[in-house]
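Note sheet for the following structure.
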Amino acid sequence: MIKSVPTTPYDDQKPGTSGLRKKVPHFQQPNYVQNFVQAIFDSLEGFEGQTLVVGGDGRYFNREVIQIVLKMAAAAGFGRVLVGQGGILSTPAASNIIRTTSAFGGIILSASHNPGGPNEDFGIKYNISNGGPAPEKITEAIYARTKTISEYRIFDAPDVDLDAIGTLALGPMTVEVIDPVEAYAALMEKLFNFSAIRTMFGNGFSMAFDAMHAVTGPYAKEILENRLGAAPGSVRNAVPLPDFGGHHPDPNLVHAKELYDQMMSPAAPDFGAASDGDGDRNLIIGRGIFVTPSDSLALLAANAQLAPGYAAGLAGIARSMPTSAAADRVAEKLGIGIYETPTGWKFFGNLLDAGKATICGEESAGTGSNHVREKDGLWAVLLWLNILAVRQESVKDIVEAHWRNYGRNYYTRHDYEGIDTEAANGLMAHLRSELASLPGTKINGLFVSMADDFTYHDPVDGSVSAQQGVRVVFDDGSRMVFRLSGTGTSGATLRVYLERLVTDEDKLGLETQEALADVIAAAQSLAGISERTGRTAPDVIT
Ligand code: G16
């Protein structure tokens with residue numbers, strides 16, 4: 001039986017860079033989840049009788065919200081829901097299932113790399129039929145709907161058993177509980193040369209993959225250990241936990257420090273990698289060398305043809321604006337298009353659908369391709385393994401050869417987390433007010449050649465997205481970018497992205513913070529970071 005329940009709007013359900021993300025207690029307010037889910041359904045048309053894919057990264061509150069979504073989907077008129085066993089689907093696996101089953105869309109429950117637990121983070125995101133995050137047109141409609149909602153509809157039924165694979169009825173709707181790993185693993189087998197990678201592992205190649213007690217554990221065990229023959233135990237922290245074992249499932253040098261330290265030690269395995277809460281981000285570390293996400297994108301694009309799925313070459317490369325320009329020179333050499341988008345994977349969807357880009361990447365540890373419409377952590381790990389298996393060189397040798405060939409983009413991101421929202425907005429407003437007068441001036445000895453607030457004109461659908469990050473470019477090819485994060489859940493996070501291209505062979509081995517010291521100082525002085533935020537140093541440097 002369908003129940004209509006009166007409700008009142010919340011005024012803070014605006015989706016950010018990637019869906020709605022808040023603390024768990026915030027989501028636990030009366031009808032908070034129901035309002036948002038109903039607003040999603042109310043913003044869509046033509047889904048009666050169609051398929052919805054539902055899954056999450058297994059974090060605290062995942063199971064409860066899945067039950068709500070299933071019952072509300074039944075009340076809304078969906079014909080079928082495909083849900084991962086145990087409520088688990090990695091974000092790229094969900095994208096794949098939406099695409100391969102011609103589903104109408106999907107609801108993915110995750111707060112990505114943010115911590116989980118009763119007082120930590122949760123998130124709800126809607127993906128469209130191409131498997132990718134809803135574009136701004138839809139997220140804006142959802143937000144508008146949350147402001148006027150007055151009732152939600154839910155099917156009155158007992159909870160669905162999420163743990164047994166099989167098909168059940170929920171009123172007029174069918175619920176299929178599916179294996180979360182199988183279809184994804186099969187897709188990876190099609191894209192990559194599994195036999196070459198298996199031979200490499202057979203010859204003693206060693207790796208450490210840190211699943212961070214998040215969603216990729218079962219995927220990585222199956223693919224790396226069972227199918228590719230990596231030594232048992234190569235995948236660590238493989239059991240997904242609702243609180244990720246109390247850690248941040250964020251594969252960066254701060255939260256995956258143990259892996260980093262191991263990879264820098266004399267006993268390092270050949271290859272180290274990690275993924276995040278929902279399996280879309282990646283961290284790549286070779287023995288004795290961390291590969292920045294921006295470099296990884298460039299290297300993967302330059303070598304992608306070594307993998308069967310990309311043997312025919314790439315149509316183009318897309319990167320988010322704050323990502324370094326390393327990939328641009330690869331695109332130039334390959335004679336293919338390069339596209340610069342705002343931060344947010346949703347902006348790649350049109351380029352991928354239109355066949356303009358094959359590989360996409362972001363500085364925030366995301367890389368992916370046209371195989372799905374999300375970034376994909378394990379995909380990046382497997383493409384690296386494929387390249388290593390074919391080239392039979394170390395990660396370090398491959399990266400250093402790339403720098404000699406293309407130059408090196410020294411790159412770092414400084415994050416100031418949980419700062420006062422007004423102070424952060426004031427800092428950005430001040431920067432914007434300075435933009436017009438900056439070109440031709442010097443900051444900390446660096447000559448400004450261009451300054452703007454990035455506006456994206458989507459070449460496929462013509463949509464325009466303004467205020468996507470303040471960038472200041474210097475005449476020596478270095479650059480700084482300022483923007484506020486759209487994924488944080490407390491206060492504001494200021495991100496400062498700093499970059500310099502160096503082609504001089506003698507200067508390719510510098511320490512990153514030293515190589516960028518003058519650009520960092522210029523950013524601090526132009527933005528008045530310590531005066532405005534009270535912070536003298538960033539919280540996280542990646
Ligand atoms: C999301 C988006 C990414 C974006 C990242 C950081 O990733 O999908 O496109 O780069 O957030 O965004 P921000 O700088 O606004 O915090 P994820 O992995 O959190 O879903």
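The values are calculated or read from the model by the stated rules, or taken from the named source; none is laboratory data. Here the structure is a predicted model, which means the values were calculated and not measured. Quick reminder, even Gly has a Cβ in these numbers, built from the backbone with ideal geometry, and neighbours come from all protein chains shown. Remember, those area values only see protein heavy atoms, side chains included, never the ligands or the DNA or RNA. Shrake-Rupley method; radii C 1.70, N 1.55, O 1.52, S 1.80 Å.
Counting only helices (runs of 4 or more DSSP H) that sit completely within region 170-221, those holding 2 or more residues that are touching a His at 6+ places or on another chain (Cβ under 8 Å) correspond to 182-191. Among the residues of region 418-425, are any closer than 30 Å to Ile108 by Cα, open to solvent by less than 20 Å² (accessible area, probe 1.4 Å) and within 16 Å of the ligand (Cβ to nearest atom)? Yes. Selection of region 98-115 for residues being open to solvent by 10 Å² or more (accessible area, probe 1.4 Å) and either away from the ligand (no atom under 12 Å from the Cβ) or over 15 Å from Leu20 (Cα atoms) (or both) yields Arg99, Thr100, Thr101, Ser102, Phe104, Pro115. Just one of the listed residues (Leu283, Leu314, Leu259, Leu300) is assigned to a loop (DSSP other than H, G, I, E, B), more than 18 Å from Pro133 (Cβ to Cβ) and of a type in the set (A, V, I, L, M, F, W, C), namely Leu314.
Can you work out which of the residues in region 268-289 that are farther than 15 Å from Met212 by Cα and touching a residue at least 24 places away in the same chain (Cβ under 8 Å) is nearest to the ligand (Cβ to nearest atom)? Before you say what the answer is, go through the steps one by one.
Taking region 268-289 first, the residues farther than 15 Å from Met212 by Cα are 268-271, 285-289.
Of the ones still in play, those that are also touching a residue at least 24 places away in the same chain (Cβ under 8 Å) are 269-271, 285-289.
On the way: Pro269: 26, Asp270: 27, Phe271: 22, Ile285: 19, Gly286: 23, Arg287: 27, Gly288: 27, Ile289: 23 Å.
Going through the qualifying residues, I end up with Ile285.
Consider Pro232 carefully, then state whether it is within 30 Å of Ala74 (Cβ to Cβ) and not acidic (Asp, Glu). No.
Do we find a residue being within 20 Å of the chain's Cα centre (by Cα) and part of a loop (DSSP other than H, G, I, E, B) anywhere in region 228-236? No.
Does Gly56 satisfy the condition of being within 16 Å of the ligand (Cβ to nearest atom) and closer than 16 Å to Val175 by Cβ? Let's see the steps before the verdict.
On the way: within 16 Å of the ligand (Cβ to nearest atom): yes; closer than 16 Å to Val175 by Cβ: yes.
Considered against the rule, which asks whether it is within 16 Å of the ligand (Cβ to nearest atom) and closer than 16 Å to Val175 by Cβ, Gly56 comes out as yes.
Looking at Arg408, is it open to solvent by 10 Å² or more (accessible area, probe 1.4 Å) and under 26 Å from Gly288 (Cβ atoms)? For Arg408, the condition - open to solvent by 10 Å² or more (accessible area, probe 1.4 Å) and under 26 Å from Gly288 (Cβ atoms) - is met. Quick one: which residue in Pro249, Pro242 is in the same structural domain as Ile197 (by TED's automatic domain parsing), in a loop (DSSP other than H, G, I, E, B) and surrounded by fewer than 20 Cβ atoms within 10 Å (Cβ to Cβ)? Of the residues listed, the single one that is in the same structural domain as Ile197 (by TED's automatic domain parsing), in a loop (DSSP other than H, G, I, E, B) and surrounded by fewer than 20 Cβ atoms within 10 Å (Cβ to Cβ) is Pro242. Restricted to region 14-38, and to residues there that are over 21 Å from Gly55 (Cβ atoms) and in a loop (DSSP other than H, G, I, E, B), the residue that is nearest to the ligand (Cβ to nearest atom) is Lys14.
Tallying residues that are among the small types (Gly, Ala, Ser) and open to solvent by 60 Å² or more (accessible area, probe 1.4 Å) within region 125-149 yields 1. Taking residues in region 513-524 that are aliphatic (A, V, I, L, M), and partners anywhere that are part of a helix (DSSP H, G or I), the pairs with Cβ atoms closer than 9 Å and at least 6 places apart or on different chains are Ala515/Lys507; Ile520/Gln513; Ala523/Ile529. Take the conditions (1) over 19 Å from Ser369 (Cβ atoms); (2) within 14 Å of the ligand (Cβ to nearest atom); (3) touching a Gly at 6+ places or on another chain (Cβ under 6 Å); Ser90 misses just one of them, which is (1).
Does Ala93 satisfy the condition of being closer than 14 Å to Ile40 by Cα and either surrounded by 24 or more Cβ atoms within 10 Å (Cβ to Cβ) or touching a residue at least 60 places away in the same chain (Cβ under 8 Å) (or both)?
Spelling it out, it is not the case that Ala93 is closer than 14 Å to Ile40 by Cα and either surrounded by 24 or more Cβ atoms within 10 Å (Cβ to Cβ) or touching a residue at least 60 places away in the same chain (Cβ under 8 Å) (or both).
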